[in-house]
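Bear in mind that the values in this text are calculations on the coordinates, not laboratory data. These figures come from a predicted structure and were not determined experimentally. Note that we place each Cβ from the backbone using ideal geometry, even for glycine, and neighbour counts take in every protein chain shown.
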């Protein structure tokens with residue numbers, strides 16, 4: 001029984017913790033059609049457990065969401081994108097993609113291209129980020145409908161997130177201790 005308790009304690013000490021990063025996104029742009037008309041958007045992406053620094057791609061994301069509104073001639077369209085919009089079928093006009101470089105404290109670089117979404121009043125649009133300082137909305141057969149910048153900030157520092165295996169080993173260790181105590185009495 002002591003060997004079981006020692007093995008459980010050793011296994012618990014040797015388990016690592018999972019890491020994930022959450023990044024908040026904010027787009028601030030100006031319409032290229034209507035002078036003085038702001039185009040704003042917000043979103044967020046979260047990496048999969050175990051991926052919190054370095055260069056990441058679409059396959060490293062657990063979630064992605066982004067939405068923005070675009071107004072022209074008094075008509076406002078809302079556009080919302082999710083993880084599936086970063087993996088559109090390649091064609092001659094649009095190739096969806098995502099790449100980011102994360103450190104422990106900052107987003108060092110970000111590029112992305114979403115699929116285009118249909119509009120109710122105006123033109124279908126997607127979000128293109130060539131760099132954090134160069135982003136725009138629009139569709140493939142028109143000049144950009146807005147130009148701006150994208151701000152990307154870590155919502156939380158990569159931290160210790162217990163893995164399910166850690167919880168299972170902790171429960172096993174506590175069960176072993178309880179059984180050992182009961183036998184001693």
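A few comments on the model shown:
- Per-residue Cβ neighbour rank within 10 angstrom, fewest leading, 140, 64: 140, 64
- Nitroxide proxy distance, nm - points 7 Å out along Cα→Cβ at residue 118 and residue 76: 2.2 nm
- More than 18 Å apart - percent of Cα-Cα pairs taken over the range 19-158: 52 percent
- Dividing the mean sequence gap of close Cα pairs (under 8 Å, 6+ apart) by how many residues the range 19-158 holds gives a relative contact order of 26 percent.
- Approximate spin-label separation residue 69-residue 24, in nm, with each point projected 7 Å along Cα-to-Cβ: 1.9 nm
- Distance (nanometres) between label positions extended 7 Å along Cα→Cβ at residue 34 and residue 185: 7.4 nm
- Residue order, fewest to most beta carbons within 10 Å, for 88, 96: 88, 96
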